[in-house]
């Protein structure tokens, strides 16, 4: 009987230890599931400085990183790349909106990967300067350069469409109503291609934004033209939605303002009063 009792006690002990191991493992797993890692910040540039980092948890298994990037160089930075555990953000993939020396820009990075990614990193990977040079991870240089080239080409196409429409209108060759005239311009811009050559696929990234910006500005002008005689106050409020067409006196003037801003964005014309760039 003693040998039986001893064997029973031994088996009971093993069973109890096994239960404790299972419980402990489950507790560790449940704790780990609710505690996402904080990503480590890595800066591969010398000219961008990360400031005022704030980390919040907007939703379970998600973290939001809010911070400021400061240009601490003596040259304008026109584009930069931030990589996260799940996405790559290219700021400045389209022309305009750079960082002058000493200027800052707020940034938001979301990470919804939970604990599926180990050793999380948020990397300031590249800074590109106005002269086309860059520092940091050079593998992003061509993509950013090609995207910005696509943006420039598309912007020049858009300006050519608007300029031709203005000339036709001024010469009396276009007999369409004001609304039909703007619709015609919008349709021509919408039809512009968004592809680059096979060796420059990233050009497509920069071609969409100029189109959408131009279409939006022309949309404001269309709304303004529709309301300006019946409700000048409401018409004025429409133009206040954009610093590009704000202060328009007539449709040719408004379209000329779009051309001027586009020229400023691609570096062909200086801003008259340092106005901000719309992206």
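Once segment 95-134 is narrowed to residues that are modelled with pLDDT under 90 and within 20 Å of residue 147 (Cβ to Cβ), the residue that is surrounded by the fewest Cβ atoms within 10 Å (Cβ to Cβ) is 97. Scanning segment 136-173 for residues that are part of a helix (DSSP H, G or I) and touching a strand residue (DSSP E or B) at 6+ places or on another chain (Cβ under 8 Å), which turns out farthest from residue 190 (Cα to Cα)? Only one residue fits best here, namely 138. Which residues, counting only those in segment 185-207, are in contact (Cβ under 8 Å) with a residue 24 or more places away in the chain and either surrounded by fewer than 16 Cβ atoms within 10 Å (Cβ to Cβ) or over 17 Å from the mean Cα position of the chain (by Cα) (or both)? Answer for segment 185-207, where residues must be in contact (Cβ under 8 Å) with a residue 24 or more places away in the chain and either surrounded by fewer than 16 Cβ atoms within 10 Å (Cβ to Cβ) or over 17 Å from the mean Cα position of the chain (by Cα) (or both): 185, 186, 188, 189, 190, 192, 194, 196, 200, 201. Going by the structure shown, is residue 252 assigned to a loop (DSSP other than H, G, I, E, B), touching a helix residue (DSSP H, G or I) at 6+ places or on another chain (Cβ under 8 Å), surrounded by fewer than 20 Cβ atoms within 10 Å (Cβ to Cβ) and not assigned by TED's automatic domain parsing to the domain that holds residue 89? The answer is no for residue 252.
The values are calculated or read from the model by the stated rules, or taken from the named source; none is laboratory data. Please read all numbers here as calculations on a predicted model, not as lab measurements. Ideal geometry is used to build each Cβ from the backbone, glycine not excepted, and the neighbour counts take in all protein chains shown.
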